[in-house]
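What follows is a short report on a single structure.
The values are calculated or read from the model by the stated rules, or taken from the named source; none is laboratory data. Just so you know, these numbers come straight off a predicted model, no measurement behind them. Every residue, glycine among them, receives a Cβ derived from its backbone with ideal geometry; neighbour counts consider all protein chains shown.
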């Protein structure tokens, strides 16, 4: 893959950053590898670096026993063998450019992008460099999907919704027979369905009954699984993607109830979750229409205010949403003003989840999750459709008509 130096240099000029230093040691910087198009199977045992100036020719610094590591990168080659030679080139770069973008985050505020080790950062500062985070640069370069990728993701989300309804139907049949299927059995049913549709995932789906769903990331195993009985709330969270390397993940969560009528104790808080979720969509739509930049933390703050006003703020235990990419937790901005303060802007071409939840320890947990795309034409797309507005009553005669 040819690196688009011109585009990267335009971003540096726009940001007012003189140069960007990409540094890696034994795969420590996945962002650098991705930007340079390095193969996943690359065998590199020594440190390497690439210096991208806002103006001028990029340079690469590689060890003399591994010059092949960056052979395909069109940059001026610098070689080193000793640590003194390594330090000399870094010192030269720091003194020439003074201000460098780096894959780090001040005070580790955004741990996703803070991958360069503290010792290397210390060394660069020792040589006189002022370090700035490359988080916003990365957002532009690795978090923006193509229209084709976004279309694939939307189709995948619809497939996940289909599989989820199949799981609800299977669970309904089991309950109608008087059986008490375990969470693990539902999870394995979904795993089989994903495999049949040739979708892959990095972890089995979450299937959690009433009180176990109060742990947002609880997931059943063969040794730790609870039976689902009449009167139980059921949370299903599943995420998957096609096997192609460039395919994007879709990630959805729906709620069901093992009975005919959903009690108010469950229905009312879930209605608040749906209202908070939909208010975030309105906020995003307004920002797009007004051509107003919006950061991830702003959406989280807005959603959290809705839950706090309804008395559920203390029971919302995680950020509102996460970036989606070729990994389920993607490299872009998260909707977060809780676990972190994510100031990265949500860009056209980005995809992310909106997934507010309420978790009452020892009692119940619930969540609604949709995928959102800021499309290249400036429109908002919600995946999948329809959105869940009420908990599905599995034993109601018209259960499928009550989304």
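Per the listing 145, 88, 167, the residue uniquely within 30 Å of residue 232 (Cα to Cα) and either surrounded by 19 or more Cβ atoms within 10 Å (Cβ to Cβ) or assigned by TED's automatic domain parsing to the domain that holds residue 43 (or both) is 167.
Scanning the stretch 189-221 for residues that are crowded, with 17+ Cβ neighbours inside 10 Å and not in a strand (DSSP E or B) yields a count of 16. Being loosely packed, with under 14 Cβ neighbours inside 10 Å, at pLDDT 95 or above and not in a loop (DSSP other than H, G, I, E, B) is the requirement here; does residue 6 meet it? So residue 6 fits the description; yes. Among the residues making up the stretch 9-43, those that are at pLDDT 95 or above, part of a loop (DSSP other than H, G, I, E, B) and over 26 Å from the mean Cα position of the chain (by Cα) are 16, 17, 18. Being part of a strand (DSSP E or B) and touching a helix residue (DSSP H, G or I) at 6+ places or on another chain (Cβ under 8 Å) is a property that residue 78 has. Restricting 355, 385, 315 to those that are crowded, with 23+ Cβ neighbours inside 10 Å and in the same structural domain as residue 212 (by TED's automatic domain parsing) reduces the list to 355. Just one of the listed residues (179, 151, 107, 122) is assigned to a loop (DSSP other than H, G, I, E, B) and without any contact (Cβ under 8 Å) to a residue 12 or more places away in the chain, and it is 179.
Has the stretch 58-72 got any residue that is in a loop (DSSP other than H, G, I, E, B) and either buried (at least 20 other Cβ atoms within 10 Å of the Cβ) or in contact with a strand residue (DSSP E or B) (Cβ under 7 Å, 6 or more places away or on another chain) (or both)?
So in the stretch 58-72, the residues in a loop (DSSP other than H, G, I, E, B) come out as 58, 64-66, 71-72.
Imposing the further condition that a residue be either buried (at least 20 other Cβ atoms within 10 Å of the Cβ) or in contact with a strand residue (DSSP E or B) (Cβ under 7 Å, 6 or more places away or on another chain) (or both) reduces the set to 58, 64.
Checked against the condition, which is being in a loop (DSSP other than H, G, I, E, B) and either buried (at least 20 other Cβ atoms within 10 Å of the Cβ) or in contact with a strand residue (DSSP E or B) (Cβ under 7 Å, 6 or more places away or on another chain) (or both), the stretch 58-72 yields at least one hit.
Here's the yes/no breakdown for (1) within 27 Å of residue 211 (Cβ to Cβ); (2) touching a helix residue (DSSP H, G or I) at 6+ places or on another chain (Cβ under 9 Å); (3) not in a strand (DSSP E or B):
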site	(1), (2), (3)
247	no, yes, yes
254	yes, yes, no
266	yes, no, yes
281	no, no, yes
297	no, no, yes
304	yes, yes, yes
308	yes, yes, yes
314	yes, yes, yes
318	yes, no, yes
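Could you check the stretch 266-288 and list, in sequence order, the residues that are without any contact (Cβ under 8 Å) to a residue 60 or more places away in the chain and farther than 14 Å from residue 346 by Cα? 268, 275, 279, 282 - these are the residues of the stretch 266-288 that are without any contact (Cβ under 8 Å) to a residue 60 or more places away in the chain and farther than 14 Å from residue 346 by Cα.
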